[in-house]
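Visitor: The structure is given below, and queries will be raised subsequently.
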Amino acid sequence: QVQLVESGGGLVQPGGSLRLSCAASGSIGRSMPMGWYRQAPGKERELVATIAWGEITKYADSVKGRFTISRDYAKNTVYLQMNSLKAEDTAVYYCKLSHYVDYWGQGTQVTVSS
């Protein structure tokens, strides 16, 4: 069984930075893709960034150049470095791991506001 625990969310001013972490436990393989998704109030959950084996990354157009996804295979942890945050980045951020089925974390709130 896979478990994902996110951390690092909070309140930040526009232009600020946050780093989210997602620690995975259970039977984790290096080839299993992981990613970050977000859901704002009244909106559907959307992809933010993913990372696959070989450090292949994919980003939503809205975060390209501002967010960076990375992965520490020794710690089974994936990170999302978020810079130049905007009000529209406000959402609950979820971590996902894919292995035959999708596993989700409980989410962490990110609020960008002055």
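Nothing in this text is a laboratory measurement; each read-out follows from the coordinates by a stated rule. Note that the coordinates shown come from a computational prediction; the quantities given were computed from them, not determined experimentally. All Cβ positions, glycine included, derive from the backbone under ideal geometry; neighbour counts span all protein chains shown.
Visitor: Select from region 70-114 the residues that are closer than 18 Å to L18 by Cα and β-branched (V, I, T) and write down the one among them that is surrounded by the most Cβ atoms within 10 Å (Cβ to Cβ).
Guide: V78
Visitor: Might you check whether a residue that is within 13 Å of V110 (Cβ to Cβ) and either basic (K, R) or out of contact with any Gly (no Cβ under 9 Å at 6 or more places or on another chain) (or both) occurs anywhere in region 44-57?
Guide: The initial filter retains those residues of region 44-57 that are within 13 Å of V110 (Cβ to Cβ), namely 48.
Narrowing further to those that are either basic (K, R) or out of contact with any Gly (no Cβ under 9 Å at 6 or more places or on another chain) (or both): none.
Scanning region 44-57 turns up no residue that is within 13 Å of V110 (Cβ to Cβ) and either basic (K, R) or out of contact with any Gly (no Cβ under 9 Å at 6 or more places or on another chain) (or both).
Visitor: If we keep just the residues of region 29-46 that are basic (K, R) and under 16 Å from the mean Cα position of the chain (by Cα), which is nearest to A91 (Cα to Cα)? Before you say what the answer is, go through the steps one by one.
Guide: First, the residues of region 29-46 that are basic (K, R): 30, 38, 43, 45.
Checking which are under 16 Å from the mean Cα position of the chain (by Cα) leaves us with 38, 45.
On the way: R38: 6, R45: 9 Å.
In this case the residue turns out to be R38.
Visitor: Further, regarding this structure: What's the number of the condition S21 fails, among (1) closer than 20 Å to T111 by Cβ; (2) of a type in the set (S, T, N, Q); (3) not in a strand (DSSP E or B)?
Guide: Failing condition for S21: (3).
Matching residues to (1) under 25 Å from P14 (Cβ atoms); (2) part of a loop (DSSP other than H, G, I, E, B):
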| site | (1), (2) |
| --- | --- |
| V48 | yes, no |
| V63 | yes, yes |
| T68 | yes, no |
| R71 | no, no |
| S84 | yes, yes |
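Visitor: Determine which single condition D102 fails, assuming it passes every other condition in (1) in contact (Cβ under 8 Å) with a residue 12 or more places away in the chain; (2) closer than 16 Å to E6 by Cα; (3) not small (G, A, S).
Guide: (1)
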